[in-house]
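S.K.: I'd like to ask you about the structure that follows.
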Amino acid sequence: MKVWCKLLYLPPNKDIHMKTIIQIHKEGKYFVAADLVTNVADQGLTEEEALANLKKGLEEHYQILMELAPKDQKISFLDIEVEKYAQTTSPLGEGCY
């Protein structure tokens, strides 16, 4: 099982980047990529396809959250460091897209 990081862009008209923690594993003929923060998951015939599908799903997930957020309340982002706690088979910096 691999744990990778992923950069997301949301909403599409703003320059906001996020990192999230994902795991990729193989189930039968498919690779499954799952975000450990949101539990959003997707699959593909290759790791790259699974990651691309997950990225699209996560972008849609966060777009909906932003649309549903109360418009009269401030939205902000908090930077935290979690990479030092991850135990992985490859460094989190590898495989970031």
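S.K.: If you scan region 41-63, which residues turn out to be of a type in the set (Lys, Arg) and over 20 Å from Ile21 (Cβ atoms)? Lay out the reasoning, then the answer.
M.R.: Taking region 41-63 and keeping what is of a type in the set (Lys, Arg), we get 55-56.
Of everything in region 41-63, nothing turns out to be of a type in the set (Lys, Arg) and over 20 Å from Ile21 (Cβ atoms).
S.K.: Please determine, by comparing only the residues of region 13-49 that are among the acidic types (Asp, Glu) and under 23 Å from Phe77 (Cα atoms), which one is surrounded by the fewest Cβ atoms within 10 Å (Cβ to Cβ). Can you show your working first?
M.R.: First, pick out the residues of region 13-49 that are among the acidic types (Asp, Glu): 15, 27, 35, 42, 47-49.
Add one more test, that the residue is under 23 Å from Phe77 (Cα atoms), and what stays is 15, 35.
Working: Asp15: 5, Asp35: 20.
Out of the qualifying residues, it is Asp15.
S.K.: Six or more apart or on different chains, Cβ under 9 Å: which pairs go from a residue in region 24-38 that's modelled with pLDDT of 95 or more to one that's exposed (fewer than 13 other Cβ atoms within 10 Å of the Cβ) and assigned to a loop (DSSP other than H, G, I, E, B)? Could you list them?
M.R.: Ile24/Met1; His25/Met1; Lys29/Leu45; Tyr30/Leu45; Phe31/Leu45; Phe31/Thr46
S.K.: A further question on this structure: What single numbered condition from (1) under 15 Å from His17 (Cα atoms); (2) without any contact (Cβ under 8 Å) to a residue 40 or more places away in the chain fails to hold for Met66?
M.R.: Only one criterion in (1) under 15 Å from His17 (Cα atoms); (2) without any contact (Cβ under 8 Å) to a residue 40 or more places away in the chain is unmet by Met66, namely (2).
S.K.: I need the full set of residues from region 40-57 which are assigned to a helix (DSSP H, G or I) and of a type outside the set (Lys, Arg), in order please.
M.R.: The initial filter retains those residues of region 40-57 that are assigned to a helix (DSSP H, G or I), namely 47-57.
Scanning region 40-57 gives Glu47, Glu48, Glu49, Ala50, Leu51, Ala52, Asn53, Leu54, Gly57.
The values are calculated or read from the model by the stated rules, or taken from the named source; none is laboratory data. The shown structure was predicted, so the numbers you read here are calculated from the model rather than taken from an experiment. Don't worry about glycine lacking a Cβ; one is built from the backbone with ideal geometry, like all the others, and counts go over all protein chains shown.
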